[in-house]
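The block underneath contains the structure these notes are about, expressed in structure tokens.
FYI, it's all coordinate maths here, none of it is from the lab. Quantities reported herein were computed from a predicted structural model and do not represent experimental measurements. Every residue, glycine among them, receives a Cβ derived from its backbone with ideal geometry; neighbour counts consider all protein chains shown.
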Amino acid sequence: MLSASFIRLLGLAAALIFYSVSSYAQVTDTALANAAADNAQWLSYGRDQGETRYSPLIQINDSNVDELGMAWTFDTGSFRGLEATPLVANGIMYASRPWSSVFAVNARTGEQIWNYDPQVDRSTGWKACCDVVNRGVALYGNKVYVGTIDGRLIALNADTGAVEWEVLTVDPERPYTITGAPRIADGRVIIGNGGAELGARGYITAYDAETGVQDWRFWVVPGNPADGFENPDMEFAATTWSGNWWEVGGGGNSWDSMIYDEELRLVYVGTGNGSPWSHEIRSNGVGDNLYLSSIVALHVDTGRVAWHYQTTPGDNWDYTAVQPLMLADLAINGILRKVIMQAPKNGFFYVLDRESGDLMYADPYAEINWATGVDLETGRPTETPHARYQDALTMIMPGPTGAHNWHPMSFNPNTGLVYIPTLQGTVFPYAIMDDYEFTPGSWNLGIEFDSFATQEVLPDFAYSPGTGPATRSPGALLAWDPITRQPRWAHDYDFTINGGTLSTGGNLVFQGGADGFMRAFAADDGELLWEVDLGVGIMAAPITYQLGGIQYVAVLVGWGGSSGLFGPNFDGEYKPQGRLWSFRLNGDEIIPVKGQPLPEITALPFDDSPELVADGYDKYSTNCMVCHGAEGISGGPIADLRYASDATYGNIQAIVREGAYASLGMPNLSNALSEADVDSILNWILSRRALLE
């Protein structure tokens, strides 16, 4: 019989062999360029160089997908939003969690190999507009790269999780954050940032992947001309701005969308919205404001602009172009063209020549009323008369959540369809704020929110009929044909925000929903083939990989993000637990992991004077709404304020103005709110609590 010590030695030797093999099986430029042909792994955010999120694997297909069961699950230990796309290389799965922590697990079993916590100061979480989420990591060489919510880029050893190097990519005194996944481009790590709503000036930076030394930086919008311009690109961009835009930030932050074409040696970047949202306030209503809301092609060696296309000139609605970009070769009019595709917030699906930047097509994929179309000669949208809400409160479609947000789309070369998680018919009341004053570090939108405060019927407003595919439901999985320029099929949802998509050679499209169900559809006709309740709303996109001859499908499940902060978990449960699920054919029974039920409450006294209630909402909407929801009902990752205990209400001054909960991510707001302001906010919260009875 073998002794226990000898068995331990065998285990240690096996581990050393495993890690030795892993350390030499590095992710190279060649591997990334040829990722489309690698069935077994998922090496980068969008799987292949074109970020199509298509896998040719066929073991799981439209004839047997209903036989999927659980392969394994991993408890992430997180109660905030999970948005990351896991990566798989050499049998190891790498993924990120809220607060930018990273973990590695055995992709066959889900057993944890290592965990890394960057020890982000939780008090900085207020800088994140849309939860302290992270969308994933990048792999290159033997390193794992992650951007942190506090603005660092960190390189970890892929075998151990130890820090190889880290660099601060932002000015910590400014309201910058990082939530997007890094990308790899010719030995460089590319990373962007967020913060436009708080008055930040956006940029993209390239760092040497081995050393962390900065190679180049592309500023999205120009700074103060008196300080000089970083390069001719910024000098040119400044001619499209007016007033003192640099004093209010400018915006343009590229917080997510980046993609690299190795053949053309171009890095494509989707840029963000203006800061403030209102073009009238930001730039006196003058100019296109480059390079806001644009697709920009940058030379990989220098970061200089090769070409740009602006999807929304003079952005006035938070219509970012930071939604996923996708590269493909399409036969258009009988000619094979290298194209780049995007379905940004503004509701148009764009197809451009990715070599020249020439616009080929732009068609509405959702119902919109801010524009009637895009002129293919000039590339400019044809805006409706009231689109800029210059005269009155105006109901605009889509609203600032867009017709498609960050949730990844996928492309299946067999069907020729792009699968888009769409938001259908979102409407928002836009009105210019008359008494706007820039406040550093606070939300600076330049939009009037009084219509929300009254909770009454909106006053008379300007409105234009919508164009594009008719509204069917709050949300939909839309199969869009980029050749015929119209929908092929759609699956309607009773909820707006849903997860990203994955398409496969098995004629399947996978998507998770806000209701916690994971679903599989036939890629060609949209038939629902499989669904299973995982217990928690799903935002992230699934992946698939193959190990030991077995195909797996995996997805991170955890409700949060902007949708989770502004509304409760779909099934009404409190503090849902996040998990990583992996499925395989003939796996184990799938049992959802539910959250903790909401507690019972009793009404507490408050002053129901309409003036005091409205004042409380005004203070709340400016300082609290981004995390606690439009109605104070963020019942997902952050506590629903209506259900707080008497002790919490009694300690509210210390919580809000003294940082008593700073370690939990609740910032000290003493610089923005007086004691009277906090009392007014509490009065409004109690007024909402009373409505629950």
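Things worth noting here:
- Each other residue within a Cβ distance under 14 Å of T240 adds +1 if Lys or Arg and -1 if Asp or Glu, for a net charge of -2.
- For segment 372-385, putting each phi into the Karplus relation 6.51 cos²θ - 1.76 cosθ + 1.60 with θ = phi - 60° gives couplings of 9, x, 10, 6, 6, 7, 8, x, 9, x, 9, 6, 6, x Hz, in residue order, rounded to whole numbers and with x for Gly and Pro.
- Using the Karplus relation 6.51 cos²θ - 1.76 cosθ + 1.60 with θ = phi - 60°, the per-residue 3J(HN,Hα) values for segment 502-519 come to 9, 10, 9, x, x, 6, 10, 10, 9, 7, x, x, 4, 7, x, 8, 9, 10 Hz, with x marking Gly and Pro.
- For the peptides 405-412, 684-691, residues were scored by their other Cβ atoms within 10 Å and the scores averaged per peptide; the highest-first order is 405-412, 684-691.
- The charge dipole of the chain, taken about its Cα centre with unit charges on the Cβ of Lys, Arg, Asp and Glu (plus for the first two, minus for the last two), comes to roughly 1720 debye.
- Taking max minus min of the alpha-carbon positions on each principal axis, segment 233-389 gives extents of 45, 38, 25 Å, largest first.
- Taking the square roots of 5 times each eigenvalue of the Cα gyration tensor of segment 610-690, largest first, gives ellipsoid semi-axes of 17, 15, 12 Å.
- Alpha carbon centroid spacing (whole Å) that separates segment 284-299 from segment 161-201: 21
- Counting DSSP beta bridges with both ends in the chain, the antiparallel % (nearest 5): 95
- Amide H within-cut-off set for R488, under 5 Å, with H built and near neighbours excluded: A479, W480, D481
- Packing rank of 191-200, 548-557, 26-35, where each peptide gets the mean count of other beta carbons within 10 Å, highest leading: 191-200, 548-557, 26-35
- As a length-normalised measure over Cα pairs under 8 Å and 6 or more apart, the relative contact order of the chain settles at 13 percent.
- Entry for Rg and Dmax of the Cα atoms in Å (calculated from the structure that is shown) out of (i) 27.9, 90; (ii) 26.3, 79; (iii) 24.5, 88: (iii)
- Remark: segment 274-322 is approximated by an ellipsoid whose semi-axes, taken from the C-alpha gyration tensor as √(5λ), come to 23, 10, 8 Å, largest first.
- Structural descriptor for segment 610-690: relative contact order 39 percent, calculated from alpha carbon pairs under 8 angstrom and at least 6 residues apart.
- Partner lysines for K619 [C-alpha distance under 19 Å; skip if fewer than 8 residues away on the same chain]: K127
- Computed on the Cα trace of segment 473-552, the radius of gyration divided by the Kirkwood hydrodynamic radius gives Rg/Rh = 0.99.
- Under 14 Å, Cβ to Cβ, from I483 - net charge with Lys/Arg +1 and Asp/Glu -1: 0
- Peptides ranked, highest mean first, by Cβ atoms within 10 Å: ranges 360-369, 76-85, 650-659: 76-85, 360-369, 650-659
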